[in-house]
Amino acid sequence: MVNKIITTLRRVWTSKELRQKLLFTAGIILVYRVLAHIPAAGVDRAALNQLFSSSQILGLLDIFSGGTLANFSLIALGLGPYINASIIMQLLTMVFPKLEELSKEGEYGRELINQYTRLLTVPISILQGFGMYALLRNSQIIPGLDPISLIALIVTMTVGTMISVWLGELITEFGVGQGVSLLIFAGIVGRLPVTLGQTAATLETINPFNIVVFVVVSLLVVAGIVFMNEASRNITIQYARRIRAGKVFGGQSTHLPLRVNQAGVIPIIFAISLVLIPSLAGRFLEGLPNPQVAGFARSITALMAPTGWAYNVIYFLLVIGFTYFYTAVVFNPQKIADEIKKYGGFVPGIRPGEATANYLNLILNRITLAGAVFLGLIAILPAIAQALFRIPSLSLGGTGILIVVSVVLETTKSLQSQLLARSYEGFL
C-alpha cells in the first residue's frame, strides 16, 4: 500500500493542475490547524489539558472534533455537529419520500440537501456548545458566565463550526479528496505526537516484551483495517441476450460488489454518541447539591468508565447493532434486485425479483456480521490493549486508526481516478 501511495504522489506532482490542487489542500489544512490553536477566552488551558489527559471519554470526543476540543479553540466543536447533521439528513432521506426524490435529482438535489445539512448544523452546534460549557464548568475549567458572555461563547463555537465546514467544502471543490474527512484526519495526525508522548511516558514501567508484541499487533490492526475496508463479496450478474434488427445485444456477465464494511466509521459515531451519554450526564449531575442524585451520578460515572466491562460490552453491542442498521439504510436489496430485473439481468441459479432480493439480503447479513464484529473490536481496542499489554495510558484507539487509514485510502483513490481521467484526456 505504501509503494502504491508513493507512486501516486509522484505522478500527481508531475501534473500542474493536480499539484496546484494538492498545494491548495495543504494550505487549507494549515489554516484549519492554526485556528485550532487559537484558544477561546476565559479557559484555564493547564487544567483543560490535565482533564483531557485523564479522561478517555473526552479524548474520544476530541478525535471526532478533529483535535480542536482539547485546546478549546475558536473551532472547539470542530466538525462534530456537521457530521451529526449529515447522518440525520441521511436517515431523513430514507424516511421522507420528498427528500429521497430530491437526492435523485442530480447535482441540484445534492446541493439542496447539503444546504439543509448546513442549516441543521447550526442548532446542533448550539446544543453541543452549551453541553460542553456545562461539562467544563462543572469540572471548574470555565468559570460561571453571565448570560451575555455565555451567548458570546456559544456563538463563537457555532461560527467556528461553520468556518470548519466551509474550509472542508473548499477542499472538496478545489482540492483533492473529501474535505471534511481530510480535516478530521489532519486533527488526529496533528495530535499524534502528544498522544505518543503520553503513552511513551508510561513505557518505563512496562515489560519490553509487551511493547514489542504491542507494536506487532498494531501493525496487524492497520493491515486488518485495510483488508476489511477493501474486502467485498462479488455477486455474478448475467444479462440475457436480446436480438433486435438482426443484431445481438447483452449476454455479458458482470459483478455486483457487496462490501464487507458497508457502513464505514458511521456505526462507531452512532454508538459512541449513545454510550457517552450516561458518563456525560453523570459528570453533569455530580455537581448538584442533592446528595442522593450526586451519589447516583457518581455510581453511573464509575460503572460507565471507558476501562470498565459495562462500557465496553455495551459499546461493542451498539456498534454491531448500528452496523446492521446503517447497512440496511444505505443498501436496499429489493431496490437492487428490481434494477437488475429491469435491465434484463439475473443471478445464475436464482430467479429474478423477490428471490434475488432474498439472496442478496442473505449474503449481506452474513458478510455484515464479519464487518460488524470487526468494527466492534476496533471500537474497544484501547481497553483490550490496556488489559493485555498493561499500558495505563493509551489515548489513540482503533477508531482514530480506522479514520486515518480510511481517509488515506479514499484520498489515494481520488488521486488515481483524476490521474486516469487526465491520461484519457492526453490520449484523446
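Some observations on this one:
- Computed from backbone phi, the HN-Hα couplings of the stretch 369-385 come to 4, 5, x, 5, 5, 4, 4, x, 5, 4, 5, 9, 4, x, 5, 5, 5 Hz, rounded to whole numbers (Karplus: 6.51 cos²θ - 1.76 cosθ + 1.60, θ = phi - 60°; Gly and Pro given as x).
- Neighbours of GLY179 by Cβ distance under 13 Å: Lys/Arg scored +1, Asp/Glu scored -1, total -2.
- Efficiency of FRET between ALA231 and ARG11 - r from beta-carbon atoms, R0 30 angstrom, step 0.05: 0.70
- Between ILE363 and SER414, the distance separating the two model label sites (each 7 Å from Cα on the Cα→Cβ line) works out to 3.0 nm.
- Flagged links, alpha-carbon separation over 27 Å, of LYS98/LYS413; LYS104/LYS342; LYS98/LYS341; LYS104/LYS413: LYS98/LYS413
- Remark: the stretch 64-133 carries 46 Å² of accessible area per residue (probe radius 1.4 Å; ligands, DNA and RNA excluded).
- Rolling a 1.4 Å probe over the protein heavy atoms leaves SER218 with an accessible area of roughly 40 Å².
- Applying 1/(1 + (r/R0)^6) with R0 = 45 Å to the Cβ-Cβ distance of ILE163 and PHE296 gives a FRET efficiency near 0.70.
- Extended-chain gain in nm, criterion 0.36 nm per residue less alpha-carbon gap, VAL34 and GLU107: 23.0 nm
The values are calculated or read from the model by the stated rules, or taken from the named source; none is laboratory data. What you see is a predicted model; the values in this text were computed from it and never measured. All Cβ positions, glycine included, derive from the backbone under ideal geometry; neighbour counts span all protein chains shown. To get the accessible areas, we keep the full protein, side chains included, count just its heavy atoms, and leave off ligands, DNA and RNA. Shrake-Rupley method; radii C 1.70, N 1.55, O 1.52, S 1.80 Å.
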